[in-house]
Amino acid sequence: MNYLLKGPAIQDPSVITQLRMNRRLGRLIFFPLSLLLGCTTSLSQAQAQGKLSPVATGLGKEFASETATVNGVTLHYFRGGKGPAVILIHGFPQDWFEYHAIMPRLGKQFTVFAIDLRGVGGSTATPDGYDAANMAEDVHQLAAALKLKRVYIVGHDIGGHVAYAYVRRYPEDMRGAMILDTPIPGIEGWDEIQGDPNMWHVRFMQVPGLAEKLVAGRQADYFGYFFHFGKFTPSDVTHFVRAYATVAQLHAMFEMYRAFPANVQFNAAQRGPNDVPLFLGAGDGSPFATLVPKIADSLRAHGCTHVETGLIRGAIHYVVEDQPDAVADLIERYASVHSR
């Protein structure tokens with residue numbers, strides 16, 4: 001069934017029309033940000049992240065910056081809190097810091113792990129390996145190295161693709177997953193967005209080598225277009241642009257988009273029964289909001305037996321920044337060991 005959450009931050013999809021009109025008007029506004037960064041593109045983000053302390057990020061001493069070498073790559077993550085494990089996976093163009101506003105709250109009842117995907121932020125870049133199934137292997141090996149049992153995974157945007165691949169590859173190791181504001185390659189709803197003007201950037205970034213040449217040194221301007229559609233502070237933007245400061249990091253991000261056809265093939269082949277509880281959510285102002293019921297039905301047709309859905313009121317695509325309390329509410333509700 002289509003499960004519509006009740007509460008001040010959730011509403012029916014019928015309210016999105018005016019929000020979409022506002023969003024289209026917003027696209028006419030250019031949001032330049034290059035003056036925020038100075039010479040940051042000359043720094044290695046791995047080095048920059050290594051200098052960050054939990055206090056500097058606003059998380060407090062209960063969180064620590066750590067790394068682990070798994071699946072041939074060194075992954076950076078922030079860890080803190082106590083309780084059952086929750087792994088948070090960021091989207092584009094962000095890193096672990098996407099979740100910083102809600103991590104202290106979640107840490108009161110969960111052990112929180114907010115990771116940098118390979119090639120992003122403090123995680124090392126590799127020439128390849130950016131398909132969702134392999135990045136799910138990265139996360140799985142990290143969970144194994146940390147001896148985590150029955151994890152709950154939250155993924156936004158590309159992080160949602162990784163979360164779904166984890167669901168398919170390692171269902172026995174999970175107590176559930178939350179996929180936020182993204183269609184899923186190979187699942188119904190994916191083909192519908194391919195010609196959508198909102199998705200212009202996908203084809204651009206998939207052209208081999210071109211995006212690296214055009215975006216390098218202009219990260220603030222390019223990312224600024226997307227950040228205009230969320231509630232980001234200047235310091236947030238500075239952080240995220242630094243997470244993609246090098247050409248190797250840009251290449252990693254673009255390779256994630258170039259791996260979409262591989263993700264389509266992998267997911268389309270997954271049709272066996274899978275009882276991992278899934279929550280599929282989107283901002284009520286997102287272009288993906290109207291696709292949520294179709295995606296959920298397709299997931300059920302592909303064998304997922306426990307799928308619930310909901311819309312986050314007052315959010316577009318960057319749901320954590322737009323409505324942090326609502327997202328934290330959802331995670332607390334569904335990541336509990338008693339929720340299944």
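Things to note:
- The length gained on full extension between ALA262 and LEU214, counted as 0.36 nm times the residue separation minus their Cα-Cα distance, comes to 14.8 nm.
- Alpha carbon centroid spacing (whole Å) that separates region 153-170 from region 287-315: 14
- Heavy-atom accessible surface of region 73-121, averaged per residue, reaches 20 Å², computed with a 1.4 Å probe.
- Taking the Cα centre of region 150-199 as origin and assigning +1 to Lys and Arg Cβ atoms and -1 to Asp and Glu Cβ atoms, the resulting dipole is close to 380 debye.
- Loop trypsin sites (Lys or Arg not before Pro), region 245-304 (other Cβ atoms within 10 Å of the site Cβ: 15 or fewer; DSSP): ARG271
- Each of TRP96, TRP200 has its accessible area taken with a 1.4 Å probe; listed largest first, they run TRP200, TRP96.
- Per residue, the Cα convex hull of region 233-340 amounts to 142 Å³.
- Cα centroid separation, region 84-109 to region 174-242: 18 Å.
- Gyration tensor verdict on region 107-173 (Cα atoms; rounded if a/c is under 1.5, prolate if a/b is larger than b/c, oblate otherwise): prolate
- Above-threshold pairs, the threshold being 25 Å between Cα atoms, out of LYS149/LYS231; LYS147/LYS294; LYS147/LYS231; LYS61/LYS108; LYS61/LYS82: LYS149/LYS231; LYS147/LYS294; LYS147/LYS231
- Rounded to the nearest whole angstrom, the semi-axes of the ellipsoid equivalent to region 141-278, taken from the Cα gyration tensor as √(5λ), stand at 29, 19, 15, largest first.
- Whole-percent carbon and sulfur share, accessible surface of region 125-189, 1.4 Å: 49
- In region 184-225, the inverse of the mean reciprocal separation of distinct Cα atoms equals 11.9 Å; this is its Kirkwood hydrodynamic radius.
- When Rg and the Kirkwood Rh are both derived from Cα coordinates, the Rg/Rh ratio for region 74-191 amounts to 0.94.
The values are calculated or read from the model by the stated rules, or taken from the named source; none is laboratory data. Not measured: the values here are computed from a predicted model. Cβ coordinates were reconstructed from backbone atoms using ideal geometry, including for glycine residues, and neighbour counts include every protein chain displayed. Side chains are part of the model used for accessible areas, which takes the heavy atoms of the whole protein and leaves out ligands, DNA and RNA. Shrake-Rupley method; radii C 1.70, N 1.55, O 1.52, S 1.80 Å.
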